[in-house]
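Visitor: Input: one structure, supplied below.
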Amino acid sequence: MIGTTVGIDIRDDMVVAVAVRAGLRGQVVSGVATAPLADEAGLAEALFAVLDQLGVVAGGCLSVMPFNRLSFRTVKMPFASVKKIAQTIGYELETMLPVAVDGLVADFVVSNRSPQPDVLAAVAGKEFLAEYLAHWQAAGVNPAVLEVRAVPLAGLLARENVAPACGLLLDLVGGGGTMVLFAQGRIVLVRDLPVDGDMETEPARAEFCRSVLATIHSHRGGNGERLAPEGVFVTGPGAAAAGMAGALREGLGLPVTQVDLAARASLRLAEAVADRWDALAMDGALALALRGRRGAAGGFNFRKDAFAVDRPLHRYRREIAWGAAFAMALIALVGANLGIEYFYLQRRGRDLDARIKTVFREALPEVTRIVDPVQQMRARVNEIKRAAAGRANAWAEMTVLDFLQEISGRIPATYTVRLSRLAVDPEGANVKGETDNFNNVDGIKKSLAASPLFREVTISSANLDRTGSKVQFELRIQ
């Protein structure tokens, strides 16, 4: 099931599993399952059974540690920084425990908002934790969170304003129960209170009530706080016993309310679950599923240090988030820079195109259709080069005597002509001379223009000499 969280509550004689699916309309309890538990050795088999009933693979489920394997201590810290507390809590516990802290795993919750707060620490042996996780691994399950029983439920009650500012949660079983004291939305005290006999009997109930009151009184006296619960909330299979609520109300002198998380407005039961729902037995597992992996303002998790769930990306989620944000900002800046540069290059390209077309029109005014001015100009230049090369080759092959022979052969024999100067260049030749009249100059021009060797003959000048009897002329031959 995609988007499904599974909470598994491990009790002394039973395993309870609840699956919660997140949806657009809120959260849905999509499945419940129970299996008997004879002893710790049968844990893997019980886990197989509940997961088979749910039809899910709970590789990242949330569960609890056995209460009889935990030890709790309240420590006053000189600073409120959670990071500093995590770094020093082991040293503070070392003088309070009978065993070396090197063999323990410790987690904590901050109990109040003081500059020098009280911290409730829970410790478990590393050797036992390794054995306990081996049972889970045998069932193919890797719990993401290992909590303390009843603490997730107490945390929900405290944070969601369904309980008074200071309240008491009792998770009851046949042989006693677990008490969780909370105040101002934080977990203050957790104790397991076993009794002699069965909780269905008056003596056992009276003994349990005395233990609860003595524990609260002891905590208040040791820390100097005046914490007085304003109400009692009960859950667990033992709370269903006849007369239990009345006995607790009388023994504790406080109003007693049975917890039912399924009554929350943001939560609903699937049709297949509604008929099987037992709030007293299943609220503990439901609270685990609602807790989430990161927890909220208070909560324990023994999957840490050497026992942490291998989630390398999750471990560096903050660095990844900052890196992603930086990368997105960098990409945005680079994109903006490229966009601006592209805009200016495009505008400069349009300006250059306009200038090229202007130059093209000035150089080749006879061309009216401009498609690719650069290519058209290049083609025109190549044509001019080929024509010039042809003419250069023709002049290069002709000697001066050949040139004079061509001129003298073309000038009519009846003309009196005297050539005074001949200047030859790669493009043609300039010829100066004199003749009798202007008509002869025109005749010479026409005669030379008829030559296949000359492309064009023009009269550069034609003037009378000083005597007025002769005409001096200059021709340009190409």
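Visitor: Do you know which residues across the range 439-455 are within 21 Å of residue 470 (Cα to Cα) and not charged (D, E, K, R)?
Guide: Across the range 439-455, the qualifying residues are 439, 440, 441, 443, 444, 447, 448.
Visitor: Please go through the range 81-117 and give me each residue that is assigned to a loop (DSSP other than H, G, I, E, B), surrounded by fewer than 13 Cβ atoms within 10 Å (Cβ to Cβ) and either in contact with a Pro (Cβ under 9 Å, 6 or more places away or on another chain) or not aliphatic (A, V, I, L, M) (or both), ordered by number.
Guide: Once the filter is applied, which keeps residues that are assigned to a loop (DSSP other than H, G, I, E, B), surrounded by fewer than 13 Cβ atoms within 10 Å (Cβ to Cβ) and either in contact with a Pro (Cβ under 9 Å, 6 or more places away or on another chain) or not aliphatic (A, V, I, L, M) (or both), the range 81-117 yields 81, 95, 98, 113, 114, 115, 116.
Visitor: Among (1) farther than 27 Å from residue 399 by Cα; (2) surrounded by 12 or more Cβ atoms within 10 Å (Cβ to Cβ), which single condition is residue 451 missing?
Guide: (1)
Visitor: Moving to a separate point now. In the set 249, 268, 293, which member is in contact with a strand residue (DSSP E or B) (Cβ under 9 Å, 6 or more places away or on another chain) and at pLDDT 95 or above?
Guide: On inspection, the qualifying residue turns out to be 249.
Visitor: Here are 129, 120: which of them is assigned to a helix (DSSP H, G or I) and in contact (Cβ under 8 Å) with a residue 40 or more places away in the chain?
Guide: Within the list 129, 120, the selection yields 129.
Visitor: A further question follows. Here's a check for you: in the range 132-160, which residue that is surrounded by fewer than 17 Cβ atoms within 10 Å (Cβ to Cβ) and assigned to a helix (DSSP H, G or I) is modelled with the highest pLDDT?
Guide: Among them, the one singled out is 134.
Visitor: In this structure, does residue 196 turn out to be touching a residue at least 12 places away in the same chain (Cβ under 8 Å) and of a type in the set (D, E, K, R)?
Guide: Taking the combined requirement at face value, the residue does not satisfy it.
Visitor: Could you run through the range 46-71 and say how many residues are part of a strand (DSSP E or B) and either surrounded by fewer than 16 Cβ atoms within 10 Å (Cβ to Cβ) or at pLDDT below 90 (or both)?
Guide: Within the range 46-71, residues that are part of a strand (DSSP E or B) and either surrounded by fewer than 16 Cβ atoms within 10 Å (Cβ to Cβ) or at pLDDT below 90 (or both) number 0.
Visitor: Out of the residues in the range 423-478 that are of a type in the set (Phe, Trp, Tyr) and outside any strand (DSSP E or B), which is nearest to the chain's Cα centre (by Cα)?
Guide: Within the range 423-478, the match that is nearest to the chain's Cα centre (by Cα) is 454.
The values are calculated or read from the model by the stated rules, or taken from the named source; none is laboratory data. Values in this document were obtained by computation on a predicted structure and should not be read as measured data. When we count neighbours, we look across all protein chains shown, and the Cβ atoms used for this are built from the backbone with ideal geometry, even at glycine.
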